[in-house]
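*Asks:* Pasting in a structure now, in structure tokens, and then I'll have a few things to ask.
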Amino acid sequence: MTDEAAVFLRIFAFGLVASTIYWFISYEPLGTVALLVFGLGPGVAGFFLYAHQRPTASKEPWLGQLRRFAGVAKDRPQGPPDLESHDLGVIPLPSIWPLLFSVGLTIAVTGLIFGLWLLLLGGAILVVSLAGWLATINRENRYGRLHNDHRP
């Protein structure tokens with residue numbers, strides 16, 4: 001059993017147990033069906049992954065499959081690989097612009113409910129923050145990282 005199949009099957013088990021408990025506590029059909037559907041979707045994917053990897057994978061004992069389903073790690077997990085030899089992507093430097101963008105978006109969406117003035121204020125914050133964010137990205141791409149990047 002792969003880790004992906006185990007995660008999907010755990011979600012399936014949770015949805016099944018939660019819907020059963022919910023039904024006996026509330027006798028409310030809509031919530032029960034919603035919890036069942038919540039569990040059945042990933043359950044189908046989990047059973048599909050389990051069935052299609054089984055013939056090609058090595059025969060894992062039932063205890064190993066049960067441990068993987070429960071999410072228990074192996075006794076000695078393998079350490080991380082050497083990342084120095086890999087070509088990794090560059091993470092951009094932290095900045096205030098993504099936060100301001102999300103604040104502007106929140107104000108603009110709130111303006112759809114409460115009035116035009118909030119929509120205009122949120123739109124102005126969105127435009128300024130997007131311009132600043134793009135300027136920061138362009139500056140990093142053009143001149144490189146502008147902070148001290150040495151390792152101790």
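The values are calculated or read from the model by the stated rules, or taken from the named source; none is laboratory data. Here the structure is a predicted model, which is why all the values come from computation and not from measurement. Here the Cβ positions follow ideal geometry from the backbone for every residue, glycine too, while neighbour counts run over all protein chains shown. When the accessible area is computed, the model is the full protein with side chains, heavy atoms only, and any ligands, DNA or RNA have been set aside. Shrake-Rupley method; radii C 1.70, N 1.55, O 1.52, S 1.80 Å.
*Asks:* How many of the residues in segment 121-142 are at pLDDT below 95, in contact with a helix residue (DSSP H, G or I) (Cβ under 8 Å, 6 or more places away or on another chain) and open to solvent by 80 Å² or more (accessible area, probe 1.4 Å)?
*Replies:* 1
*Asks:* OK, next. Please work out if Phe69 is open to solvent by 50 Å² or more (accessible area, probe 1.4 Å), under 15 Å from Glu4 (Cα atoms), aromatic (Phe, Trp, Tyr) and modelled with pLDDT under 90.
*Replies:* On the way: open to solvent by 50 Å² or more (accessible area, probe 1.4 Å): yes; under 15 Å from Glu4 (Cα atoms): yes; aromatic (Phe, Trp, Tyr): yes; modelled with pLDDT under 90: yes.
For Phe69, the condition - open to solvent by 50 Å² or more (accessible area, probe 1.4 Å), under 15 Å from Glu4 (Cα atoms), aromatic (Phe, Trp, Tyr) and modelled with pLDDT under 90 - is met.
*Asks:* Of the conditions (1) closer than 18 Å to Phe69 by Cα; (2) open to solvent by less than 80 Å² (accessible area, probe 1.4 Å), Asp3 clears all except one; give me its number.
*Replies:* Of everything listed in (1) closer than 18 Å to Phe69 by Cα; (2) open to solvent by less than 80 Å² (accessible area, probe 1.4 Å), Asp3 misses just condition (2).
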